Structure formats: structure tokens, C-alpha cells
Amino acid sequence: MNVFTSTELASKTKAVCATVRQDGCAFVTNNGKIDCMMIDLSMFDTINEAIHSYDQWVAQYELERMWRRNAASTLTLSEIDDEIAACRRERHAGASA
């Protein structure tokens, strides 16, 4: 795993980018906390493919996070249905506003 500080990214941009191209990924930290991830996008033919892949990755992450949270939850199916209905009402109210 490649980890660079934001200072290293600023001072050695070409070297960091070369590492990302070679290894596929690098993380940038700021004050010891992960700030961003750089990934090689050369496998994609278009920017739209890259964006779509990122959207899928985020959706999968959120779905897994939801599953973990719900696994620890003691909600009944009826309560889950109520939550879904409430979210749909909010979405419809927001769309019509």
C-alpha cells in the first residue's frame, strides 16, 4: 500500500503519479489522516466509464455499510417497511417542492 503525505504529493507530484500508474493506487494523508485516494484510470476507455465504476463502488460500500448496521439492528420487518415508506414520502415531497 502506497501512502504519501500531502506535502510529498505537492513536492513530488510526478513520482507519486508514476507510483499510482505502476501500482494502481495510492493514498494521500493530511495530518496523519487519510485525505484521498489516487487510482490509475488507464483501464477505462472514457471518463464516463470511470465515473460509472466509481458510482458502483460507492453504492456497494454504502450497501455493505447498511447491511452491517442492519445486522446489529433489532428492527422488525414492519418497522423497516415504515422507514422505507417515510423515506419515499420525503423523496416525493422534495421532488415536488
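Per residue, how many Å² of accessible area does the chain show with a 1.4 Å probe?
Each residue of the chain exposes 84 Å² on average to a 1.4 Å probe.
Take every DSSP beta bridge with both residues inside the chain and express the antiparallel ones as a percent of the total, to the nearest 5.
Percentage antiparallel, nearest 5: 65.
Gain in length, HIS52 to THR5, computed as 0.36 nm per residue apart minus the alpha-carbon separation, to one decimal in nm?
Answer, rounded to one decimal: 14.1 nm.
Quote the charge dipole size of segment 46-86 about the Cα centre in Debye, to the nearest 20; the model charges only the Cβ of Lys and Arg (+1) and of Asp and Glu (-1).
200 debye
Taking Cα atoms, how many degrees apart are the long axis of helix 47-71 and the longest axis of the chain, rounded to 10 and kept between 0 and 90?
That helix lies at roughly 50 degrees to the long axis.
In segment 37-97, carbon and sulfur make up what percent of the accessible area (probe 1.4 Å)?
Carbon and sulfur: 58 percent of the exposed surface of segment 37-97.
Could you tell me which of GLY94, GLN60, VAL3 has its Cα farthest along the dipole of the chain towards the positive end, charges placed at Cβ (Lys, Arg +1; Asp, Glu -1), taken about the Cα centre?
So the residue furthest toward the plus end is VAL3.
Residue by residue through segment 12-24, what is 3J(HN,Hα) from phi via Karplus (6.51 cos²θ - 1.76 cosθ + 1.60, θ = phi - 60°)? Round to whole Hz and write x for glycine and proline.
10, 4, 4, 5, 5, 5, 5, 5, 4, 4, 6, 9, x
Between (1) 19.9, 56; (2) 15.7, 51; (3) 13.7, 41, which matches Rg and Dmax of the Cα atoms in Å calculated for the structure shown?
It is the value labelled (1).
Could you work out [θ]222 nm for the chain from helices alone, using -39500 (n - 2.57) per DSSP H run of at least four and dividing by all its residues? Round to the nearest 500 deg cm²/dmol.
The helix-only estimate for the chain comes to -21000 deg cm²/dmol at 222 nm.
List the residues, sorted by chain then number, that are 5 or more residues from MET38 or on another chain and whose placed amide H is less than 5 Å from its amide H.
Residues meeting the criterion, in which the H sits 1.01 Å from N, are ALA26, PHE27, VAL28.
Assign unit charges at the C-beta atoms only (+1 for Lys and Arg, -1 for Asp and Glu), then state the dipole size of the chain relative to its Cα centre in Debye, rounded to the nearest 20.
Dipole size: approximately 300 debye.
Note down the nm distance, to one decimal, between modelled labels 7 Å out along Cα→Cβ at ARG89 and at THR76.
If labels sit at ARG89 and THR76, their model points lie 1.9 nm apart.
I'd like the orientation of helix 77-96 relative to the chain: the angle between its Cα long axis and the longest Cα principal axis, in ° from 0 to 90, rounded to 10.
70 degrees
The values are calculated or read from the model by the stated rules, or taken from the named source; none is laboratory data. Values in this document were obtained by computation on a predicted structure and should not be read as measured data. Please note: Cβ atoms are built from the backbone with ideal geometry, for glycine as well, and neighbour counts cover all protein chains shown. For the accessible areas, the whole protein counts, side chains as well, though only heavy atoms, and no ligand, DNA or RNA atoms are used. Shrake-Rupley method; radii C 1.70, N 1.55, O 1.52, S 1.80 Å.
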